[in-house]
Every structure is written in structure tokens, then in C-alpha cells.
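K.L.:
This structure is in C-alpha cells; I'll ask about it shortly.
The values are calculated or read from the model by the stated rules, or taken from the named source; none is laboratory data. This one's a predicted model, so the numbers in the text were calculated from it and none came from an experiment. Using ideal geometry, Cβ is built from the backbone for each residue, glycine included, and neighbour counts are taken over all protein chains shown.
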2 protein chains.
Amino acid sequence: MSASPFNSEHVGEWASFGPKLKGKPTPEQRVALAERKEKRTAMKQRLFEELNDPKWTEKKIEKELDRLMEEQEKAAERPEYLDGPSGTRDFYPPEMKVQRWLFDNFRKTAASYGFEEYDAPVLEHVKLYERKAGEEIVDQMYNFTDKEGKHVTLRPEMTPTLARMVLNKTNLVTGEVRLTLPLKWFSIPQCWRFETTQRGRKREHYQWNMDIVGVNHVHAELELLAAACQFFRGLGIGPDVVGIKVNSRAVLEAVLSKHGITKGQKDKSDGGDVFAKACVIIDKLDKIGGCAVTDLLGEIGVNADSAADILKALEAPTVDQLSEHIGGETEAVGEVKRLFELAKDYGIDDYLIFDASVVRGLAYYTGIVWEAFDRRGELRAIMGGGRYDRLLELYGGAKCQIPCVGFGFGDCVIMELLKECGKLPDFQESGVDYVVCAFSPELYGAACSISSKLRACGCTVDLMPTPKKRVAASFTYADQCGARRMVFVAPDEIEKGVVRIKDLRTKDKNGEAVQVDCPLDEMHTVDDLVANAAAN
Amino acid sequence: MSASPFNSEHVGEWASFGPKLKGKPTPEQRVALAERKEKRTAMKQRLFEELNDPKWTEKKIEKELDRLMEEQEKAAERPEYLDGPSGTRDFYPPEMKVQRWLFDNFRKTAASYGFEEYDAPVLEHVKLYERKAGEEIVDQMYNFTDKEGKHVTLRPEMTPTLARMVLNKTNLVTGEVRLTLPLKWFSIPQCWRFETTQRGRKREHYQWNMDIVGVNHVHAELELLAAACQFFRGLGIGPDVVGIKVNSRAVLEAVLSKHGITKGQKDKSDGGDVFAKACVIIDKLDKIGGCAVTDLLGEIGVNADSAADILKALEAPTVDQLSEHIGGETEAVGEVKRLFELAKDYGIDDYLIFDASVVRGLAYYTGIVWEAFDRRGELRAIMGGGRYDRLLELYGGAKCQIPCVGFGFGDCVIMELLKECGKLPDFQESGVDYVVCAFSPELYGAACSISSKLRACGCTVDLMPTPKKRVAASFTYADQCGARRMVFVAPDEIEKGVVRIKDLRTKDKNGEAVQVDCPLDEMHTVDDLVANAAAN
């Protein structure tokens, strides 16, 4: 039977609406049943729209989910280890094809901007992430103590790893970097987190990272933004669908310094950087609202009046108005303006929007920051990035003042968006050129030899492992593989020194699939034979 | 300065020979110093041969290692977290290029046999690996308890994950598989282990896995072996360099059953499978010798006479002689013979050797097993595989009798071999088509616009981020990128509506690099302009 379109999460959701009731319901049960019905209907409708396949009617969806639920109940003693750890994904071949396609597009874009790929272990020392700024990512690490007592973690993000790698090629005493700067590097790491609060959220994702190391001005930000926009445009995601909000923490720094929070100031309670903490708090504005932000700012020493003024600054609709707020154009304001100017030359200005309230939730950003979002406002951020000029200094010491800028671009939200916009290609094509079918075990050796010859011509060959006398079995197998051509290794032809080849996608003038007999020692001529047969 | 060819492991090894002595040595110190000198000389010579670069003389190697060691000492307060966790690798762009090349070859081979790629999380439940057979891989897991009390591990191998994924599409009650069998799947997972005994051994590696699920006869083994041989041959590793030892545990089962160890028999002490334990013990023969194996077999109830007979059987030079030993040809012997026959048709018989002593160290193999090795006998096994017909039953219950066969092919040993044989390609080619250089900040916008146009033509463009007036700076940058062409965005040309493009690899008849002026609105004509200029 064909594969079910539903996974264990679907079944779990379906099961959560409760079981069917046996016997006459009480009034309370009647309410619960009505609710159950409503939820089931809503889910059916949702799946019907998602599947968008006339074969899967709502009725059929209901039946299949009930069947799967029942099966799940039967298999209740099923060992837990048959599921991967909570919040992880398995990539079966169909999902893997989609992932490869997405990653290939990440790679293609990065390469066309001259970026080089790097990678590093998924495991890192916990200390690499200890920044005392209350960031979500650090609070929710997938960390543990190894058998030698080391505190390690599945990496929550890639930037500290990149910093570590650069510093491993840096003389910490002199600050000399034994790599040729600037570096333009990219990677597609899997990143992990451990959080228990919200159900259904994943604990791992892949994240395309692009970074430029060693450029201390806005051309680096511009290059990264241009690459991201080229990626969007290349997949048919225009500026009407996606926008990128841009701001500068350096400008925000000017706002905060008006209220006594100065660059490099340390929190008395734990020695953490106060400005970084303020940014992490302000980043929560959308989620927790102005009052809560005011309270949290109070905890790091910002009084209510100052907080009100800061919140007001975040509403500035243009960089010029924000500039007015801080009393005149600073270097940081000039940088933002320059970025928007050059964006026009690069042809990406239609994607960019100034937004004073975007600060991003990571402690280490120091300058321009940005965030890509869907214009309908329904999804989480698609990508986030910014300048982090002081991270390498933090790890490596005062000599390591190496400017950096980078972004992280997750694999999940963009996939949701691509699905919604109908921009995912059709992954039906299997890429298999030939299925080779032996008609008896005695002919399997000949089938091996033929497969070998075809592969030597650069073809993809799926050799049917179990010889079958019935031609129908071969067709079923070829169909499953999505093969373009079938090779029949049958006794009569082999005796004559040929094999019969059927090209399932080339029709002759009668509209029938073309069929040719190809000599065993001239397998490289198949294409010509097929073309001739199609023409005659 | 150019990058040092030595990494922290080199420096660690160099430092382990001890520091230079100050003052007059005592007699004991004199011995130690002579030893130090000997070790340093040996290492210098080794590195000299490895580098194979006239620039790196032994003298220069010594100087560089001393310099790095000194630097390392200076940076002794260097935080530990700047190194990745012990036994892990960072992949800088040069190493990443090599990895991509190797993985692309794995993928190309798998695809040409009609295999589909899959993937799964690096984290799995510990229970998935509990097999009570004393396997090295299970004893040395990178396992820990997560924050919810679950016992999880960084996967030590991929096969149990594959089994889990297949069972997740199987009705455990009926045994019905909701995937179309046979499956031909491959993956290139990173696998982990935690072991403290041997210094310098890695704790992670990547492993190309190929598996066929749902075929209960030797054609499946054959297909996997053919794919591996095609991989070797494709990289220029002939059967004179690599061999694959083939044996059958089913035949060994017949040998052991003569001595009272029967299929499915449980160990009274822990309920483990006795035959599996015997195989894990016999696999250690090369490492620990016959006496130790006899002792260990004694512990699972095999007396000394039986052990002697078993060890004798393992020396059988042909499958026919092994067959004699067990008193006549069984089905299992017939399978091995059939495999060798068909290998001729497939053109891979020159790689295969029968070896009765190969059993592989994993508990779950049930039938044919194999192991690829370098003919010089200097490296560890290159690849290992075999049939595991009872693993899914073990996990999923009696209904899940799904035959499987697969191999694992690590990334480290093959890389050593490819290096030794000089079969690694030259990875100098950067793939950058254009470096675009602006001569002043005012011209950077024009440079962006030109870069954008060139990328729209499908070119890889590295835009030099910092405008430089000096032409020499542009050349240095282009050289670092390995770019093919340079675009000079300079005021005089821009005023005329053109840019100057220099093709560093195309010479005119005077042997000079071709230089053309290309109109800004006709950037797509560059190739023609260059071709013309070269001809004139």
C-alpha cells in the first residue's frame, strides 16, 4: 500500500481530542464530545487543505487517522527507543530530497558570492556560550557532563564556533591572524536546544550561516544582505513576500547612553555587560509588551522615565527621526544611511526596511542588526544577523579586535514559507535511468554485466535484485523506482546476444513506448537506437 | 604570512619530547636528551616526507615547530574552550573542500546504483544499542542523561537508526511495512564514540552507509560490494591496492553448532545471544591471539578442544575446505560460492578474497560479512559490512522478520589511503570567476551594481569589500581568492560607461593577460570580448 501522509505528530494531535465514547453520554460528556467533533473537523479541514490532493478527502483523512490511532494503541508496548529523542527529525528519502535541494540552494548562493564552506563538531564546551545576558539560546542549551567531567553541549548556534576557529589561527599574544583576511565563510550546521515548555517545538534545526571576518565597515553587512536577497529572489520569494528589517545597535547605544547606560558598563550583580542585557530585554518587546520591558530594564538600573524615552525611540519610523531623537547624526546613523544607499545599487532596496525596534536577542551584536520576516506576519523570523565586533576579543583577549558580521538562516521557517507560496519544486524525478530485470536466476549474471556496462557509460542503474519471470513484476519495480528505461534480460534475446530495452518516456508515432534490441557489446549505442526507433 | 602546515596535534607531539635543557646535563638527563633528539629527528623526517615540499626543509620544520611550541607556551592561559572537545575535528575551508569531494564521490556512487539518501538525528536512545555482546562500539558510547532523565547517546553507528526508521513505518502487530520494499538507502552520518585509552584517536568520524532492506538472498550483498568496488575504481584505487575479505557467519554457525553452540542459544548469565558473543570474541583474534580467544570462548561455555577446532576452521583457505570441515556443502556455503561466481559477471572478482577468519565485531550480523583492507596491511579496515537478518525482529518483535544487509565506510582510513597513493585531486581551483575592485568609496555602488549583473549571468563574484586606490592591492586580493578575472571599477572608465576587465588566464599573442573594456550595460558580452582580444 502507499505510504500514509501522516506522521506520529499528526496521530498524537488526533489522539489528543480523546477516544470515541461507548454508551450513552452524560451532559458533561456531551459537551466534551461536541468539542471533540469540532476539533476533529478543524484538523481534517486543515489537513485537507495542506495535502491538497483530491485522493485525500476529509472522509478518507478521518478514516486514516482513526486507523493510525488504533494501530498506535495496539502498539502501546512499543519500545520508546523506536522513536528518535524528543524534538528530533528523521529524514526519509522524500524529506531528504527536499533538504538537499534547500541546502544546494544555500551553497549555490554562498558560492556565487565567493564564500567558502567550513564545518565543526556539533559538540562544544559549555563555556563558549556563557555570556550572562539572559539570552534564550544560552538558557536552553542541550548541555551535559561527559565521562571525563567536561561540561559540553550540542551547539546552540554556530557563531561562537566560528570565533573559536578564527582564534585557533590567531596568536592571542600578538593578535596576528594566520589566515588571510577578510574571511568569507559559510556553513550549514545542525544546532540544538533543550526546552521543555512548549509542545511540538523541535529541539534541532539546520542553520545556514554566512560570516565575513575582518571588515570593519558596512560593505560587509551589505554583501551578506545581498546574498540573502539573491537567495530569496532565486527561489521566487519576492520583496512582496519577504522583508528585511534593519537597525543598528550602535544607534541604540547612543539612545541608551543618554540614560546612563554606557558602552562596556558591567552589571554589579554578575559582571555581565549592561548594554547587551538591555538589548536582550528590548528584543522581548513584541512578546512581553512595554510594561514588562520597563520592569526588566528597571532591574538593570534604568528608571521608568528613561525606559519610556527608550521605548519611544524604538518607534522612530525613519533613521533620520531616530537621529533627531539622539540629537544629531552620529557615525552609526551615517552607516545605516550608507547601507540603504548602496542597497539601491545592489538592487536589493526593495527588500529592506528601517525598523528601530529590531535589536535581535543575542548578546554579542554591536552594530547593524537585521531580521527577515514574512510580510503577512504569520511566521517566526526567517533569518537574523548583525555585526559582532567584540566577540573575538571577549574570547581571545584584548589583542583580538577582529571585526565580524554574520547571519543565521534556519531551515524550518523558510520551508514553511516555500510550501505556502507553492515555490517547492516537484521532487518526483528519481534520476534512475535504467531498471535492469533478469527473467531467471540463471540470467542474473548477465544482468550484472549489463548493469556494469551501463554504469560505465555514466548511467544510474537500479538492478532488480530478485529475478522474476512475470513481466508485470518488472513493470511494477520500474514504476516504484521512477526509471526512464527498462532492460529485459530474457533467454531468447540473450541467446541472440541482445537485450530488449523499453524507453518509457519516448513514444513512437503510434504513441507506444519505444522498444529496441541492443547488442550486448554495444550498450553505449542505446540512445541512438532509441532515437532512430522513435523517428521511424 | 602564509598559513603554517602544522596543527595543534603536531605541536602537542613535538612538545611531548620535552623542553630544551638549560645548564649542564646530569647523566640521566643526557640519556633523556639523546632520546629527545632522536624523537625530534624522526618526527622532522616524517613531516618532511608528508609535506613533500622543497620549501619545508627539516631545518625549517624544526624552526616552525619550535616557534609554535613557544607560542603555545606563551598562550598557556588560553581558555580550554577555544579548542573543540577532545577528539573532534574542525573543518577549515581547505579540509572542507576535501570532505565535500569525498562525500560527493560517496553520493555519486550510491546514486548510480539507484540508492536514495536519508538522514536522522545524531542523538539516539541508549537502549537502541544495548545488545549484551561485549562489542567495542557499545562499550564506548558517547552517552549521557538529558535534563528530562532520558538516557541518550551520540550515535555510535547508523544501522540501528536505519532499523528504527524502517520499524517506524511498520505495523509491529502485523509486520506490514508501509514502505515499498526493497529499500536501497544510503547516508553519510557522523558517528561518535567515547574512549579514553589511546591518545590521538578521534572520537568522531563520518561513515558512508549503504543498506538494502527486504532482500533475503546474496544478490543484495553483491550489489553493495559492486558499489564499493566501483567507488574504489572510480578514485583510482585498484584491486592491487585494496582487497575485500568475504566470509559467512552462517558458515561459522555450522562450525560452532558442531561444538554445542546453536542458533538463538541464550547465555545463562545475562540472556545475551551466545553465537553473537562468540563472533565478537573471534573478531578479536588478530588483536589478542589464539590463547586469549580460547580463554574468552571458555567463558561462554566452549571447551579448549572445541576452541582449537574452531580456530582451525578459521584458517580454511577456501570455502570448499571450510565446507569439508563442517562435513558437506550447506546452503550457506552455496551462497558464498554464488557470490563469488556473480562477482565475475559484475567485474569485481579481482577485489574479493575468501577469508574464513573475518567475522566482524558487531553482534547483529547473521550471514555473509566482509571487510575491505589495504593490501600492504598497514591501515585499519577501510569498510565493513554484512547481512543482519534478525536486527529488526530484535527491536520490533516476532512479526518484523525483515532481511537486511549493509556496510559502513569511514572517512578517515580511505583519506589516509588516498593520500598515500597520491590519488587526491588538486583542490587549488577556487571557482571564483571575478574579483570586482572599486578604486574609491564613491565607486563602491557601481561595483555592487556590476557584481550583481555578473552574478545574474551565473558567475561567481567576489566583491573586494574595501575600496583601494592602489592597483597592487587589487591584485593581491584577486590572488588570495584565486579569481580568474579582475574587474577594475575606476573613475575614468566609469565616466565612459565601461569597466576594465583583465583575464588572468587568457594570454594575448604577446603572452600578456588579456585586458578588455566592457560596456556597463553589456556585461554579458565579456566572454566574447575576451576571446576576440586573445585572437587579435
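K.L.:
Checking B:Asp350 against (1) at pLDDT 95 or above; (2) touching a Leu at 6+ places or on another chain (Cβ under 7 Å), only one condition comes out false. Which one?
P.N.:
Failing condition for B:Asp350: (2).
Every residue, every condition in (1) modelled with pLDDT under 95; (2) surrounded by 23 or more Cβ atoms within 10 Å (Cβ to Cβ); (3) touching a His at 6+ places or on another chain (Cβ under 8 Å), yes or no:
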{"residue": "A:Leu224", "(1), (2), (3)": "no, yes, no"}
{"residue": "A:Ala228", "(1), (2), (3)": "no, yes, no"}
{"residue": "A:Val241", "(1), (2), (3)": "no, no, no"}
{"residue": "A:Ser248", "(1), (2), (3)": "no, yes, no"}
{"residue": "A:Gly260", "(1), (2), (3)": "yes, no, no"}
{"residue": "A:Ser269", "(1), (2), (3)": "yes, no, no"}
{"residue": "A:Lys284", "(1), (2), (3)": "yes, no, no"}
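K.L.:
Out of the strands (runs of 3 or more DSSP E) lying entirely within the stretch B:400-472, which hold 2 or more residues that are in contact with a helix residue (DSSP H, G or I) (Cβ under 8 Å, 6 or more places away or on another chain) and away from chain A (no Cβ under 12 Å)?
P.N.:
On the way: elements: B:404-410, B:434-438, B:461-463.
It comes to B:404-410.
K.L.:
Return the total of residues in the stretch A:114-131 being among the hydroxyl-bearing types (Ser, Thr, Tyr) and more than 7 Å from every other protein chain (Cβ to nearest Cβ). Step through it out loud before you land on a result.
P.N.:
Filtering the stretch A:114-131 for residues among the hydroxyl-bearing types (Ser, Thr, Tyr) gives A:118, A:129.
Next, only the ones that are more than 7 Å from every other protein chain (Cβ to nearest Cβ) stay: A:129.
So the count comes out to 1.
K.L.:
Sticking with this one: Can you name the residue in the stretch B:337-347 that is out of contact with any strand residue (DSSP E or B) (no Cβ under 9 Å at 6 or more places or on another chain) and either modelled with pLDDT under 95 or surrounded by fewer than 20 Cβ atoms within 10 Å (Cβ to Cβ) (or both) and, of all such residues, is nearest to the other protein chains (Cβ to nearest Cβ)? Don't jump to the end; show me each part of the working.
P.N.:
Going residue by residue through the stretch B:337-347, those that are out of contact with any strand residue (DSSP E or B) (no Cβ under 9 Å at 6 or more places or on another chain) are B:337-338, B:341-342, B:344-347.
Next, only the ones that are either modelled with pLDDT under 95 or surrounded by fewer than 20 Cβ atoms within 10 Å (Cβ to Cβ) (or both) stay: B:337-338, B:341, B:344-345, B:347.
On the way: B:Lys337: 13, B:Arg338: 9, B:Glu341: 7, B:Lys344: 8, B:Asp345: 4, B:Gly347: 5 Å.
Across the stretch B:337-347, the extreme among qualifying residues is B:Asp345.
K.L.:
Of all residues in the stretch A:77-100 being of a type in the set (A, V, I, L, M) and within 20 Å of A:Tyr206 (Cβ to Cβ), which is surrounded by the fewest Cβ atoms within 10 Å (Cβ to Cβ)?
P.N.:
Going through the stretch A:77-100, the residues of a type in the set (A, V, I, L, M) turn out to be A:82, A:96, A:98.
Still in the list and also within 20 Å of A:Tyr206 (Cβ to Cβ): A:96, A:98.
Working: A:Met96: 19, A:Val98: 17.
In this case the residue turns out to be A:Val98.
K.L.:
Kindly establish whether A:Lys132 is more than 28 Å from B:Glu195 (Cα to Cα), modelled with pLDDT of 95 or more and among the basic types (Lys, Arg).
P.N.:
On the way: more than 28 Å from B:Glu195 (Cα to Cα): yes; modelled with pLDDT of 95 or more: no; among the basic types (Lys, Arg): yes.
Answer is no for this residue.
K.L.:
Does the stretch B:302-336 hold any residues that are within 14 Å of chain A (Cβ to nearest Cβ) and crowded, with 16+ Cβ neighbours inside 10 Å, and which are they? Lay out the reasoning, then the answer.
P.N.:
Quick first cut of the stretch B:302-336, residues within 14 Å of chain A (Cβ to nearest Cβ) only: B:334-335.
Within the stretch B:302-336, just B:Glu335 meets the criteria.
K.L.:
Checking B:Ser2 against (1) loosely packed, with under 12 Cβ neighbours inside 10 Å; (2) modelled with pLDDT of 85 or more, only one condition comes out false. Which one?
P.N.:
Status for B:Ser2: all satisfied but (2).
K.L.:
Right, here's the next one. Let me spell it out: the conditions are (1) surrounded by fewer than 19 Cβ atoms within 10 Å (Cβ to Cβ); (2) within 24 Å of the chain's Cα centre (by Cα), and B:Thr180 meets all of them except one. Which number is the exception?
P.N.:
B:Thr180 satisfies every listed condition except (2).
K.L.:
Continuing with the same structure: Spot the failing condition for A:Leu394; the list is (1) modelled with pLDDT of 95 or more; (2) over 26 Å from the mean Cα position of the chain (by Cα), and only one is missed.
P.N.:
Going through (1) modelled with pLDDT of 95 or more; (2) over 26 Å from the mean Cα position of the chain (by Cα) one by one, A:Leu394 breaks only (1).
K.L.:
Can you pull out the residues in the stretch B:165-185 that are more than 9 Å from chain A (Cβ to nearest Cβ), closer than 20 Å to A:Glu80 by Cα and of a type in the set (A, V, I, L, M)?
P.N.:
The answer is B:Val166, B:Val177.
K.L.:
Given the conditions (1) touching a Gly at 6+ places or on another chain (Cβ under 8 Å); (2) free of Cβ contacts under 8 Å to residues at least 40 places away in the same chain, report the number of the one that A:Asp349 does not fulfil.
P.N.:
Just one mismatch for A:Asp349, condition (1).
K.L.:
Looking for something at the interface with chain B (Cβ under 7 Å from one of its Cβ atoms), over 30 Å from A:Val241 (Cα atoms), under 20 Å from the mean Cα position of the chain (by Cα) and in a loop (DSSP other than H, G, I, E, B) - is there at least one such residue anywhere in the stretch A:186-196?
P.N.:
Yes - at least one qualifying residue is present in the stretch A:186-196.
K.L.:
So, one more: Give the residue that is farthest from B:Ala533 (Cα to Cα), with candidates limited to residues of the stretch B:473-493 that are at pLDDT 95 or above and among the β-branched types (Val, Ile, Thr).
P.N.:
B:Val489
K.L.:
Taking interchain pairs and intrachain pairs at least six residues apart, which have beta carbon atoms under 6 angstrom, with the first residue in the stretch A:132-154 and more than 9 Å from chain B (Cβ to nearest Cβ) and over 23 Å from A:Lys202 (Cα atoms) and the second of a type in the set (Gly, Ala, Ser) and surrounded by 16 or more Cβ atoms within 10 Å (Cβ to Cβ)?
P.N.:
From the stretch A:132-154, the pairs are A:Lys132/A:Gly272; A:Ala133/A:Gly272; A:Ala133/A:Ala276; A:Ala133/A:Ala363.
K.L.:
Going by what's in this entry, would B:Cys421 be described as closer than 30 Å to B:Met210 by Cα and not aliphatic (A, V, I, L, M)?
P.N.:
On the way: closer than 30 Å to B:Met210 by Cα: yes; not aliphatic (A, V, I, L, M): yes.
Answer is yes for this residue.
K.L.:
Still on this structure, please answer the following. From the list A:Leu82, A:Leu33, A:Leu68, A:Leu102, which one is touching a Phe, Trp or Tyr at 6+ places or on another chain (Cβ under 8 Å) and touching a residue at least 12 places away in the same chain (Cβ under 8 Å)?
P.N.:
On the way: A:Leu82 fails: touching a residue at least 12 places away in the same chain (Cβ under 8 Å); A:Leu33 fails: touching a Phe, Trp or Tyr at 6+ places or on another chain (Cβ under 8 Å); A:Leu102 fails: touching a Phe, Trp or Tyr at 6+ places or on another chain (Cβ under 8 Å).
Matching residue, one of A:Leu82, A:Leu33, A:Leu68, A:Leu102: A:Leu68.
K.L.:
While we're here: State yes or no: is B:Phe103 surrounded by fewer than 16 Cβ atoms within 10 Å (Cβ to Cβ) and hydrophobic (A, V, I, L, M, F, W, C)?
P.N.:
Numbers: surrounded by fewer than 16 Cβ atoms within 10 Å (Cβ to Cβ): yes; hydrophobic (A, V, I, L, M, F, W, C): yes.
For B:Phe103, the condition - surrounded by fewer than 16 Cβ atoms within 10 Å (Cβ to Cβ) and hydrophobic (A, V, I, L, M, F, W, C) - is met.
K.L.:
Inside the stretch B:321-330, can you point out the residues that are more than 35 Å from the chain's Cα centre (by Cα) and of a type outside the set (Val, Ile, Thr)? Reasoning before the result, please.
P.N.:
Quick first cut of the stretch B:321-330, residues more than 35 Å from the chain's Cα centre (by Cα) only: B:321, B:323-330.
Answer for the stretch B:321-330, where residues must be more than 35 Å from the chain's Cα centre (by Cα) and of a type outside the set (Val, Ile, Thr): B:Gln321, B:Ser323, B:Glu324, B:His325, B:Gly327, B:Gly328, B:Glu329.
K.L.:
Hey, another quick one. Looking at A:Arg505, A:Arg470 in this structure, which one is surrounded by fewer than 20 Cβ atoms within 10 Å (Cβ to Cβ) and touching a residue at least 12 places away in the same chain (Cβ under 8 Å)? Outline the logic, then answer.
P.N.:
Values: A:Arg470 fails: touching a residue at least 12 places away in the same chain (Cβ under 8 Å).
One residue alone meets the criteria, A:Arg505.
K.L.:
Restricting to the stretch A:210-243, and then to whatever is under 18 Å from the mean Cα position of the chain (by Cα) and of a type in the set (D, E, K, R), can you tell me which residue is nearest to the other protein chains (Cβ to nearest Cβ)?
P.N.:
A:Arg233
K.L.:
Could you please find all residues in the stretch A:473-489 being within 13 Å of chain B (Cβ to nearest Cβ), under 17 Å from A:Asp517 (Cα atoms) and either surrounded by fewer than 24 Cβ atoms within 10 Å (Cβ to Cβ) or free of Cβ contacts under 8 Å to residues at least 24 places away in the same chain (or both)?
P.N.:
The one that is within 13 Å of chain B (Cβ to nearest Cβ), under 17 Å from A:Asp517 (Cα atoms) and either surrounded by fewer than 24 Cβ atoms within 10 Å (Cβ to Cβ) or free of Cβ contacts under 8 Å to residues at least 24 places away in the same chain (or both): A:Arg484.
K.L.:
Just give me the residues in the stretch A:57-107 being more than 7 Å from chain B (Cβ to nearest Cβ), among the β-branched types (Val, Ile, Thr) and within 26 Å of B:Thr159 (Cα to Cα), in sequence order.
P.N.:
Within the stretch A:57-107, A:Val98 is the sole residue that qualifies.
Residue by residue, here is whether (1) under 26 Å from B:Asp267 (Cα atoms); (2) assigned to a helix (DSSP H, G or I); (3) not assigned by TED's automatic domain parsing to the domain that holds B:Ala228 holds:
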| position | (1), (2), (3) |
| --- | --- |
| B:Gly289 | yes, yes, no |
| B:Leu297 | yes, yes, no |
| B:Gly301 | yes, no, no |
| B:Ile310 | yes, yes, no |
| B:Ala316 | no, no, no |
| B:Gln321 | no, yes, no |
| B:Gly328 | no, no, no |
| B:Asp345 | no, yes, no |
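K.L.:
If I filter the stretch B:129-177 down to residues being of a type in the set (Phe, Trp, Tyr) and surrounded by fewer than 23 Cβ atoms within 10 Å (Cβ to Cβ), which single residue comes out as farthest from the chain's Cα centre (by Cα)?
P.N.:
Filtering the stretch B:129-177 down to residues of a type in the set (Phe, Trp, Tyr) leaves B:129, B:142, B:144.
With the extra rule that they be surrounded by fewer than 23 Cβ atoms within 10 Å (Cβ to Cβ), the set shrinks to B:129, B:144.
Details: B:Tyr129: 22, B:Phe144: 25 Å.
So, considering only residues that are of a type in the set (Phe, Trp, Tyr) and surrounded by fewer than 23 Cβ atoms within 10 Å (Cβ to Cβ), the one farthest from the chain's Cα centre (by Cα) is B:Phe144.
K.L.:
Can you pull out the residues in the stretch B:37-67 that are more than 19 Å from B:Ser8 (Cβ to Cβ) and assigned to a loop (DSSP other than H, G, I, E, B)?
P.N.:
B:Asn52, B:Asp53, B:Pro54, B:Lys55, B:Thr57
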